[in-house]
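Taking it in order: structure first as structure tokens, then the write-up.
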Amino acid sequence: MKSDSPKTFHIKSFGCQMNVYDGERMAEMLGARGMTAAADGADADLVVLNTCHIREKAAEKVYSDIGRLKRKDGSRPTIAVAGCVAQAEGAEIARRAPSVDVVVGPQAYHRLPDLLDRAARGEKAVDLDMPAMSKFDALPKRGAGQRPTAFLTVQEGCDKFCTYCVVPYTRGAEISRPYVDLVAEARALVEGGAREITLLGQNVNAWDGEDDRGRTVGLDGLIRDLARIDGLERLRYTTSHPNDMTDGLIAAHGEIAELMPYLHLPVQAGSDRILAAMNRSHSVDSYLRVIERVRAARPDIAISGDFIVGFPGESEEDFQATLDLIHQTRYAMAYSFKYSRRPGTPAATMDDQISEEVMHDRLQRLQALLNEQQHAFNAATVGQTTRLLLERKGKLDGQLIGKTPWLQSAHVIAPGLAIGDMVEVEILSAGPNSLGATMRQLQEA
Ligand code: SAM
Ligand code: SF4
């Protein structure tokens, strides 16, 4: 039982960028309550584990993490489990891990302060409510001290029900945040120092809303209006579903200079038979057509994706079809996973589950091809002049690391420049994961 209210906190976010965003909002909320971020996580009075339930490994890790939580003086911090494991496993967490004080789902974390008060009174505080949108209204406004790159959740939840995926159950139905709120939050982020904003959603391109003149707009309309904010130089969005790539959004890639030439468009598999069993509701052909049209609108666009190998019933022939699709698409980068059987999803009870050995072998082959393509994409940028938004310090003296428009990390010796500056560079070298660059002005001098 906890008797003192915690004064310092440490938030550990796992999984997707939406969890990172939620973690930042929780930190702002705890800050508004007078709590401070602990300089060293191991000293914090409160530890929030902001969890991910997408694959079994990520979900199970939470329990070992909880078991290890101790402060330097040997005492136990107040422990809150937030995020999708909290939503999916609920009160079961407090039973399996009695040291947990608070369990809060991803749609209820605005109530964290109240839950902490209840925990301080010795209660096990559990809140897994999914109230429509009230979370964002209840959070404090964004303020000063933003990093140069910021996340902005515009859409949450998913109605697609892919047969392998827990998101529709843990994050709930698709909801778009109102246009006016998003414009206001984006302005606050830019006023606070952000120069790039990534719009987030489980199905971000399903976002729609009414603009300030009462017209129904899609994500392209929102991007167009956000691009007009003074000081906002770059916009990105992730993650998109192929079926929600509208004509307007495709065209936006050729029309809006602030919209960076990068599209994360997961396909998961390259066999129509497997896509149907996954309930993806798109085909290989329709996916490739979208890629073709996006490339016609913005020829230099970097394409990234997500892949699952070893979905139930996947034959070697189906897997070869996935490799074929990768050859045709030519990815700049991609995430790839072994299929993970998630309780409660339709695929978990499908016949013909694939063995660990086969999945391992397919993942190795798929990743070898994807790594080759990533390296080739990086190598093709050598010799180009481009702009980096500087995000962090590098290992060497005076070295800073920034991102190219294509989301590659590049390091540059940049005397006199600081994090948050935009710099024109020439790309000199390319590795599989990063680029070396030199400042243009220095070269010309
Ligand atoms: N909504 C996005 C989409 O449909 O592409 C992605 C959301 S999900 C958080 C991110 C990725 O996790 C998916 O694209 C998929 O590749 C992977 N994923 C989801 N469920 C999985 C499972 N049961 N096993 C392995 N990978 C999974
Ligand atoms: Fe999961 Fe499919 Fe929804 Fe993406 S579209 S979040 S993979 S159900």
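The values are calculated or read from the model by the stated rules, or taken from the named source; none is laboratory data. These numbers were taken from a predicted model, which means no experiment stands behind them. Glycine gets a Cβ as well: all are built from the backbone with ideal geometry, and neighbour counts include every protein chain shown. These accessible areas exclude ligands, DNA and RNA; they are computed on the full protein's heavy atoms, side chains included. Shrake-Rupley method; radii C 1.70, N 1.55, O 1.52, S 1.80 Å.
Put simply, of 324, 300 the only residue that is surrounded by fewer than 19 Cβ atoms within 10 Å (Cβ to Cβ), assigned to a loop (DSSP other than H, G, I, E, B), of a type outside the set (Ser, Thr, Tyr) and away from ligand 1 (no atom under 13 Å from the Cβ) is 300.
Do you know which of the residues in the stretch 336-367 that are hydroxyl-bearing (Ser, Thr, Tyr) and within 16 Å of ligand 2 (Cβ to nearest atom) is farthest from residue 56 (Cα to Cα)?
Kept after step one, since they are hydroxyl-bearing (Ser, Thr, Tyr), are these residues of the stretch 336-367: 336, 339-340, 345, 349, 355.
Then drop every residue that is not within 16 Å of ligand 2 (Cβ to nearest atom), which leaves 336, 339-340, 345.
Working: 336: 15, 339: 10, 340: 6, 345: 13 Å.
Filtering first and then ranking leaves 336.
With the condition kept exactly as written, say whether any residue in the stretch 213-230 is within 16 Å of ligand 1 (Cβ to nearest atom) and surrounded by 20 or more Cβ atoms within 10 Å (Cβ to Cβ). Yes, there is a match, as at least one residue in the stretch 213-230 is within 16 Å of ligand 1 (Cβ to nearest atom) and surrounded by 20 or more Cβ atoms within 10 Å (Cβ to Cβ). Looking at 319, 307, can you tell me which residue is within 12 Å of ligand 1 (Cβ to nearest atom) and either within 28 Å of residue 390 (Cα to Cα) or modelled with pLDDT of 95 or more (or both)? Sole residue among the options that is within 12 Å of ligand 1 (Cβ to nearest atom) and either within 28 Å of residue 390 (Cα to Cα) or modelled with pLDDT of 95 or more (or both): 307.
Within the stretch 335-361, the set of residues being in contact with a Gly (Cβ under 6 Å, 6 or more places away or on another chain), open to solvent by 20 Å² or more (accessible area, probe 1.4 Å) and either more than 12 Å from ligand 1 (Cβ to nearest atom) or within 24 Å of residue 238 (Cα to Cα) (or both) comprises 338, 352. Looking only at residues of the stretch 385-432 that are of a type in the set (S, T, N, Q) and in a strand (DSSP E or B), we find that the one that is farthest from residue 302 (Cα to Cα) is 399. Do we have residue 274 as touching a strand residue (DSSP E or B) at 6+ places or on another chain (Cβ under 6 Å) and either outside any loop (DSSP other than H, G, I, E, B) or of a type in the set (Phe, Trp, Tyr) (or both) here? No; evaluated as a whole, the condition is false for this residue.
Residue count for the stretch 191-202, restricted to those that are within 14 Å of ligand 2 (Cβ to nearest atom) and either open to solvent by less than 10 Å² (accessible area, probe 1.4 Å) or over 15 Å from the mean Cα position of the chain (by Cα) (or both): 2.
Evaluation of residue 77 against the conditions (1) modelled with pLDDT of 90 or more; (2) in contact with a Lys or Arg (Cβ under 9 Å, 6 or more places away or on another chain); (3) under 30 Å from residue 308 (Cβ atoms) shows that the sole unmet condition is (3). Determine if the stretch 61-68 includes at least one residue that is open to solvent by 40 Å² or more (accessible area, probe 1.4 Å), part of a helix (DSSP H, G or I) and in contact (Cβ under 8 Å) with a residue 40 or more places away in the chain. Among the residues of the stretch 61-68, at least one is open to solvent by 40 Å² or more (accessible area, probe 1.4 Å), part of a helix (DSSP H, G or I) and in contact (Cβ under 8 Å) with a residue 40 or more places away in the chain, which makes the answer yes.
Can you give me the number of residues within the stretch 112-126 that are over 19 Å from residue 33 (Cα atoms) and in contact with a strand residue (DSSP E or B) (Cβ under 7 Å, 6 or more places away or on another chain)? Let's see the steps before the verdict.
Our first condition is that a residue be over 19 Å from residue 33 (Cα atoms); within the stretch 112-126, this holds for 122-124, 126.
Add one more test, that the residue is in contact with a strand residue (DSSP E or B) (Cβ under 7 Å, 6 or more places away or on another chain), and what stays is 126.
Total satisfying the criteria: 1.
Among the residues making up the stretch 168-190, those that are open to solvent by less than 20 Å² (accessible area, probe 1.4 Å), within 16 Å of ligand 2 (Cβ to nearest atom) and touching a residue at least 40 places away in the same chain (Cβ under 8 Å) are 170, 171, 172. Of the residues making up the stretch 305-321, just one is open to solvent by 50 Å² or more (accessible area, probe 1.4 Å) and among the polar types (S, T, N, Q), namely 320. Note on the stretch 119-137: among residues that are open to solvent by 70 Å² or more (accessible area, probe 1.4 Å) and either under 19 Å from the mean Cα position of the chain (by Cα) or of a type outside the set (A, V, I, L, M) (or both), the one that is nearest to ligand 1 (Cβ to nearest atom) is 129. Given the structure, is residue 401 open to solvent by 70 Å² or more (accessible area, probe 1.4 Å) and β-branched (Val, Ile, Thr)? No; evaluated as a whole, the condition is false for this residue.
Here the stretch 95-111 is the region considered, the condition is being in a helix (DSSP H, G or I) and in contact with a strand residue (DSSP E or B) (Cβ under 6 Å, 6 or more places away or on another chain), and the residue that is surrounded by the fewest Cβ atoms within 10 Å (Cβ to Cβ) is 111. Out of 140, 148, one residue alone is more than 16 Å from ligand 1 (Cβ to nearest atom) and either on the phi > 0 side of the Ramachandran plot or at pLDDT 95 or above (or both). It is 148.
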